[in-house]
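Shown next, in structure tokens, is the structure this report addresses.
The values are calculated or read from the model by the stated rules, or taken from the named source; none is laboratory data. In this text, all values refer to a predicted model and were calculated from it rather than measured experimentally. So basically every Cβ, Gly included, is an ideal-geometry build from the backbone, and we count neighbours across all protein chains shown. Heads up: the accessible areas ignore ligands, DNA and RNA and are worked out on the full protein's heavy atoms, side chains in. Shrake-Rupley method; radii C 1.70, N 1.55, O 1.52, S 1.80 Å.
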Amino acid sequence: MLGEGIVKGLAETARNFLGSYVSKDRLTTVQYPEERLPQIEAARNFPFLVYDGEDWQQGMRCVSCLICEKECPPKCISIEKSKDKKLDASGKPQFYPTVFNIDVSVCMSCQICVEVCPFDAIKMDVDFELSTKDRFGDLLWNKERLSKSNEYYREIHPTEAAAVDAQLAEERAKLEAKSKLAAEAKAAAAATVPAQPAVGATAEK
Amino acid sequence: MTIPFLILAAPTIAGIAAAMYLRNLVHCILALTLGFAGLAALYLQLDAQFVGFTQILVYVGAVAILAVFAIMMTRSAGPMAQPVFSSSWIKGGCVAGAVFAVLAWAIYRSATSLKMLPPQPEVAVRQIGDALMHRFVLPLEIMGLLLTAALIGAVLIAMQEKPEMQ
Amino acid sequence: MTPETIDRIFIIWKHWLLSYAPAGVQPLFSALLSVVPVLAVFPLLFAITTVLERKGLGRIQNRYGPNRVGPYGFFQPIADGVKSLTKEDVVPRTADQAVHFLAPLLLVAAAFLAYAVLPVGRNMVVANLNAGVLFFFAVGSLVELAVFMAGWSSRNKYSLLGAMRAIAQMISYEVPLVLASVVVIMAAGSLSTVTIVNMQASYTGIWPHWFVFTPWGFVGFVLFMIAATAEANRSPFDLPEGESEIVAGYYIEYSGFKFALFFLGEYLGMFATSGMAITLFLGGWAAPFSFLTWVPSYFWFFAKLLVLIAGFIWVRGTLPRLRMDQLMNFAWKFMLPMTLLNIFVAGTWHFMAAGSVRWLVCAVLIFAPSVLLALGLEKGKKKIAARTYRFAE
Amino acid sequence: MSATTAATAHFTPKPSTDGGEGQLLEVSMGPQHPSTHGVFRMDVALDGERVVKLKPVFGYLHRNHEKIAETETYLGSMPYTDRLDYLCSITNNWAYALAVEKLAGIQVPERAEYLRVITGELTRLQNHTSVIGFLLQDMGASGTPLMYAFREREKVLDLFESLTGSRMMCNYMRFGGCRADMPAGWLQQAQKVVEAFPRFLDEFERLLSGNEILMARTQGVGVLSKELAVDAGITGPMLRGSGVNYDIRKVDKYGIYERFSFKVPLGEHGDVYDRYMVRLLEMRESVKILQQAMRDVPPGPIMDAKTKLRGFRPKAGEAYGRIESPKGELGFYLISDGSPNPYRYRVRPPSLVNLTVLEDMCLGQNVADIVVILGSIDFILGEVDR
């Protein structure tokens, strides 16, 4: 019968019209600036550099190995490696980036820099409100702006951060054991064999 | 010759004149429509509501639209290349003058003969219907038959395209 | 104040204002006092309708709709108005400037003219014309001209296509529109809208004598509303605009305030045809039950109008658009025969004695052919049917 | 000339070239047109409203994808594949991962295979919902079906976000597995979405499948014959809508698809309605696959332990990996010369191949049918232009 399907469709829209007043399941809109969806843990939007401790310059994990710069598909990372070494959070002398810039407008949030980083120094942030009125200056983020504390990392990605912290702690413990062993060996061998450099131990992972 | 009549007659004449002299065909038709509308207003001024509204419905709503449609479908709507005055304008003028003379004579004659009649009461639609159904039923039927024949003819002309399409 | 006074309040005000005018200009002043409210009320209704439509469509689509300007977003039309007034008025260089300028004006003027014969309340009509219904359809045909002017003068192919579609559609649906209202004119024996409403404003018990409560009246009303939807270019007959096909149709090259005028004209046309449907079939300003007659008559008119508008919104939120040839088929192969048949049924009703037999005969007379016609449409050259599908393992 | 549309050019109707009586109106639909699904242009010649010539013009979105991939590492191309068909990034990832795995001979762990099937079929669900929504939008249904479709699609996208971190650019697969395991509670959430999905399909069918206007608009419109479909290399729901039983999930049985029981819906007439219905029915089958996969998903690792992420160098050779993406056969052809970058990288995009029959389907139809046919092809310009 002509019109049957039309009537059925009208009934369906009427049901949705009324349903949108009673059922939250139907009216899924979130009034964005006032309301927000709960933050999803796995969300990724833009990388940041993790630092341990209080001081971002002191605790920066990045050792300027340039792997992320090389692996970044759209090549949005630019790093300049330092000439000298500086003590990191665990008290080892390391290279550090004198310049670490990421271009927000080029980055495609693919997370490959995070995956390839051997030092767990770069992670993905969940903050998505990055828009700015300054087209050029504000979209190129420097080292200072990129740095965020490990506490912040634990806050936004608790599960992932716990795993990373555990792994780092394990590595550190291994390292300490190794250096203790080495120190003992050194003591035993009375400085005949030089101790293994610490950097190599971490990079082997 | 009252002032309202002049106010209504001026755009009517102007519209019809523009329909003749404008170069763009679509402009001509729009001007002609103005003329039709002015004519309808004149009918209304004479208290002939039914005729006035029918004038708008048929001439503005149908005839003008039909002409417009024909132009839209058949030719580019740009201005014509020929001059406005055709080469045989004298002949045309003669024909127009003759028609005008006949009409003027007829109107003059009827005007003198009708002058004596008392003013007619407003004609109700019901009366028109009655007249059509009783006194003028034969002409009405003949018109209906003619239009039906025209309709069938139009359908037949339109039908011929079909085998080509498939 | 008694209910009668409230019902007559606008007329009382008019007379009161009129008493201050000098005798010489009284007719002019009286006309002005009748016209100005129409020019004020219906654009206001347009503003309200745009919000209602967007919010209604939003709810149908499980969204909120506009809710940022003012309480519940009800000041949205003000924001829209400011926006359209401050926008640049772009006229294409190749456009026919004069015609391009005149088209929206003509459209709105024609739409407003139609309100002259709509009785919005008891004794509330701008002009009680003897041939009111005819006047309504006559000025309605002016809209086509405006649409053509807009489409042609823009010098854009989409707008030309849109204008061709619009004119073809309006001409085709004007025929069933007029024929559907003929049954009422037959029953009322008058072309005057006031007389038609007065005939419906009586009651048997609590039930009103609206024409929609007869077989021919009901079918006529449905057919009239379908044709009115097409006349107003509303979904599912919104081909002249055809957003997804010809972008915006005949007003593609209009911007700013002229675009707003088109919008206004379109909605005014919709209100006018709805108002005519109310006048012809739904008893105009008459109350739906005899015990509700104390409510002012104009309230009932606008209440009915809003109900019909809601129906338009509902249909728009549900149905996809027809195609041009299907639209034409529907007009000429279903609407036209049905309206003609309806006239025949109305005549039969007129000559049969009142009672259930008359009801039965007329219902059968109208129902059986409509099913046949619908089947003819469905089983035409291209059969339309639900299908079953096979599955491969 | 107005900037709003390109249609103002060549205003004067040209004389017909096909010897017919009428005059042709040349309309340039697009690149800015509401229904071209991106920047796509069609040079259409109309006789009245009938289409007599249609020339698709594309390339507006060309971004050198294949050449860029040759300068990237194998891993670096993975996020770029997301952007091919941006509605279904996961299946793009899958096809690319499959090609690389073939090239390097990598085994994928069991759990990762299940994850791939689950995410891949979820992708199919969300792609088909949005395609049907867009199709009806093009038909002029003023957004209602599209909004219902998007309401359901959001639920799938929420799942994607909590699994992969992004709603659309998932970048989820890696050579030898998947990037992230299911977080706690994800499987239950996904099961809930999948269980509720048939209810949405029912609602959708009540809303429009039986609608006379929809049937009139789609039945017998844009007919694609079986022979032409096969000759033109059409794949996916379009091919099955024309009645050819060809589904790479059944033909290749890639991944672990031979473990699931599901059927392949086939059309008969090859018109728009068949393509629409085939997609609806395919979603129901996808729900079946998802239910089986979610029931059986085993514990275990999600990445092949032997595959390195960094410094990935497959041995010299070539490989072609293909899957049944929601749009059709999506294939990646790779040649390796042993270096970290592919020597040659080529995409076989279903959108482009399916688009090639556009003119054949549109000729003789109405101008309003063009957008409906276009909508029923289901193409994404990101994949067509690459």
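Does a label point 7 Å from the Cα of A:GLN39, set along Cα-to-beta-carbon, have any residues of segment A:137-167 with amide nitrogen under 20 Å, and which are they? Only A:144-166 fall inside the zone, counting backbone N under 20 Å.
Taking all protein chains together and a 1.4 Å probe, the residues C:THR195, D:THR81 rank C:THR195, D:THR81 from largest to smallest accessible area. Measuring nothing but alpha carbons in segment C:212-337 and taking Rh as the Kirkwood radius, the Rg to Rh ratio lands at 1.03. For segment D:137-250, a/c is not less than 1.5, where a ≥ b ≥ c are the root eigenvalues of the C-alpha gyration tensor, and a/b does not top b/c. That puts it in the oblate class. Rg over Rh for the protein assembly as shown works out to 1.07, using Cα positions for both radii and the Kirkwood form for Rh.
Modelled spin labels at C:VAL41 and D:ASP181, positioned 7 Å past Cα toward Cβ, are 7.2 nm from each other. Run lengths n ≥ 4 of DSSP H only: what is the helix-derived mean residue ellipticity at 222 nm for chain D, with -39500 (n - 2.57) per run over all residues, to the nearest 500? It comes out at -13500 deg cm²/dmol, rounded to the nearest 500. Taken across both chains, chains B and C shield about 2300 Å² of accessible surface from a 1.4 Å probe. Counting only residues at least eight positions apart within a chain, or on another chain, the lysines with an alpha carbon under 25 Å from that of A:LYS24 are A:LYS8, C:LYS55, D:LYS155, D:LYS192. Karplus-based coupling profile of segment C:333-348, in residue order and whole Hz: 9, 10, 4, 5, x, 5, 5, 5, 4, 5, 4, 4, 5, 4, x, 4, with θ = phi - 60° in 6.51 cos²θ - 1.76 cosθ + 1.60 and x standing for Gly or Pro. Mean-square fluctuation check for chain A, GNM, Cα pairs under 10 Å: which of A:LYS178, A:LYS148, A:LYS123 is largest? Result for chain A, Cα springs under 10 Å: A:LYS178 fluctuates most. Convex hull volume per residue, computed on the Cα atoms of chain A, equals 202 Å³. Expressed as a fraction of 2.2 N^0.38 Å, the C-alpha radius of gyration for segment D:12-170 is 1.39. The C-alpha atoms of chain D occupy a region whose extents along the principal axes are 71, 48, 39 Å, arranged from largest to smallest. Per residue of peptide B:52-64, the mean number of Cβ atoms on other chains within 10 Å of the residue Cβ is 5. For a Förster distance of 60 Å, can you work out the FRET efficiency between the beta-carbons of D:ALA305 and C:PHE257, rounded to the nearest 0.05? Efficiency for this residue pair is about 0.30. Across segment A:46-156, C-alpha contacts under 8 Å between residues 6 or more apart give a mean separation that, scaled by the residue count, equals a relative contact order of 37 percent. Placing one identical point scatterer on every Cα of segment D:267-386 and ignoring solvent, what is log10 I(q)/I(0) from the Debye formula at q = 0.15 Å⁻¹? Scattering profile of segment D:267-386, log10 relative to I(0): -0.94. With N counted as the residues of segment C:94-147, its alpha-carbon radius of gyration over 2.2 N^0.38 Å works out to 1.39.
Close amide H partners of D:ASP85, meaning residues 5 or more places away or on another chain with modelled amide H under 5 Å apart, do not exist here. Among complete DSSP H helices in chain D, those whose alpha-carbon atoms stretch at least 24 Å along the helix's long axis and whose mean Kyte-Doolittle hydropathy reaches -0.5 are D:110-138, D:144-164, D:186-204, D:272-296.
Packing, taken as the mean count of other beta carbons within 10 Å per residue, orders the peptides A:107-120, D:230-243 from highest to lowest as D:230-243, A:107-120. Taken about its Cα centre, the protein assembly as shown carries a charge dipole of about 440 debye when Lys and Arg each add +1 at the Cβ and Asp and Glu each add -1 at the Cβ. With contacts taken as Cα pairs under 8 Å at a separation of at least 6 residues, chain D carries a relative contact order of 25 percent. Legend: mean number of C-beta atoms from other chains within 10 angstrom of residue C-beta atoms, peptide D:145-158, equals 3. Can you work out the base-10 log of I(q)/I(0) for segment A:46-156 at q = 0.21, 0.24 1/Å, using the Debye formula on its C-alpha atoms alone? Computed log10 I(q)/I(0) values: -1.19, -1.50.
Peptide C:153-164 has a mean shielding of 6, counted as Cβ atoms of other protein chains within 10 Å of each residue's Cβ.
Kirkwood Rh over Cα pairs of segment C:257-393 into Stokes-Einstein at 25 °C, 0.890 mPa s: D in µm²/s? Rounded to a whole number, D works out at 128 µm²/s.
The HN-Hα couplings worked out from phi for segment D:358-363 by the Karplus form 6.51 cos²θ - 1.76 cosθ + 1.60 (θ = phi - 60°) are 4, 5, 4, 7, 8, 4 Hz, whole numbers, x standing for Gly and Pro. For chain A, the mean residue ellipticity at 222 nm estimated from helices alone is -12000 deg cm²/dmol, where every DSSP H run of n ≥ 4 contributes -39500 (n - 2.57) and the total is divided by all residues, rounded to the nearest 500. In the assembled protein chains, A:ARG44 presents an accessible area of approximately 20 Å² (probe radius 1.4 Å).
Projecting the alpha carbon convex hull of segment B:1-79 along each direction and taking the average yields 5.1 nm².
Averaged over residues, the count of other Cβ atoms within 10 Å places the peptides B:12-19, D:115-122 in the sequence D:115-122, B:12-19, highest first. Between the chain alone and the structure with every protein chain in place, find the residues of segment C:99-147 that drop at least 50 Å² of accessible area; heavy atoms, 1.4 Å probe. Output list: C:ASN130, C:LEU134, C:ALA138, C:LEU145.
Computed over segment D:83-161, relative contact order equals 27 percent, with contacts defined as Cα pairs under 8 Å that lie 6+ residues apart. Length gained on full extension, C:LEU306 to C:PHE75, computed as 0.36 nm times the residue gap minus the Cα-Cα distance: 81.3 nm. Sequentially through segment C:35-41, phi angles give Karplus couplings (6.51, -1.76, 1.60; θ = phi - 60°) of 7, 4, x, 4, 5, 8, 6 Hz, Gly and Pro residues having no value and appearing as x. Entry for chain C at q = 0.09, 0.10, 0.12 Å⁻¹: log10 I(q)/I(0) = -0.60, -0.74, -1.05, Debye formula applied to identical alpha-carbon scatterers, no solvent contribution.
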